[in-house]
Amino acid sequence: GSIRNVPIRGLRGGKPPPYCGIGLFFDRRQRGCMVSGLEPGGAAASGGQIEVGDFFKVVAGRDVADLSVEEIRKLLLGPVGTKVSIVVLKRRLDWAPLEVTFARFPTNRSAFVNAPERQQGE
């Protein structure tokens with residue numbers, strides 16, 4: 001299935017666009033970061049390629065083997081309507097890698113987050 005990008009209308013006043021993710025939950029495990037849940041209606045669930053039990057390998061071009069949950073979360077988040085590519089190791093396919101690109105869009109009001117604070121020099 002195709003991933004529908006829901007545009008947000010009515011942003012005014014020069015405010016930066018709201019940030020959101022792709023609607024998945026994950027936990028740090030001994031082997032790395034594992035997908036622990038999917039938000040119904042979110043990009044990750046809508047695509048059907050990502051499943052609970054899959055492990056992150058690459059997010060937004062970065063190997064995430066040694067990154068914390070918070071560091072991976074920051075890579076997944078971005079302005080509404082932008083895209084992020086991830087590579088997961090598929091549990092049910094004998095850990096075969098799968099690359100998928102998702103458009104970031106909110107599933108509900110609580111899906112919005114504030115833009116991450118930029119460190120000086122970024």
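The values are calculated or read from the model by the stated rules, or taken from the named source; none is laboratory data. Here the structure is a predicted model, which means the values were calculated and not measured. Because the Cβ atoms are built from the backbone with ideal geometry, glycine has one as well, and the counts that use them run over all protein chains shown.
Using the structure shown, decide if residue 98 is in a strand (DSSP E or B) and either among the aliphatic types (A, V, I, L, M) or over 11 Å from the mean Cα position of the chain (by Cα) (or both). Yes; evaluated as a whole, the condition is true for this residue.
Based on this model, can you work out whether residue 82 counts as surrounded by fewer than 18 Cβ atoms within 10 Å (Cβ to Cβ) and within 14 Å of residue 21 (Cβ to Cβ)? Yes, satisfied. Which residues, counting only those in segment 28-69, are without any contact (Cβ under 8 Å) to a residue 40 or more places away in the chain and polar (S, T, N, Q)? The answer is 30, 36.
Residue 62 falls short on exactly one of the conditions (1) out of contact with any Asp or Glu (no Cβ under 9 Å at 6 or more places or on another chain); (2) at pLDDT 95 or above, and that condition is (1).
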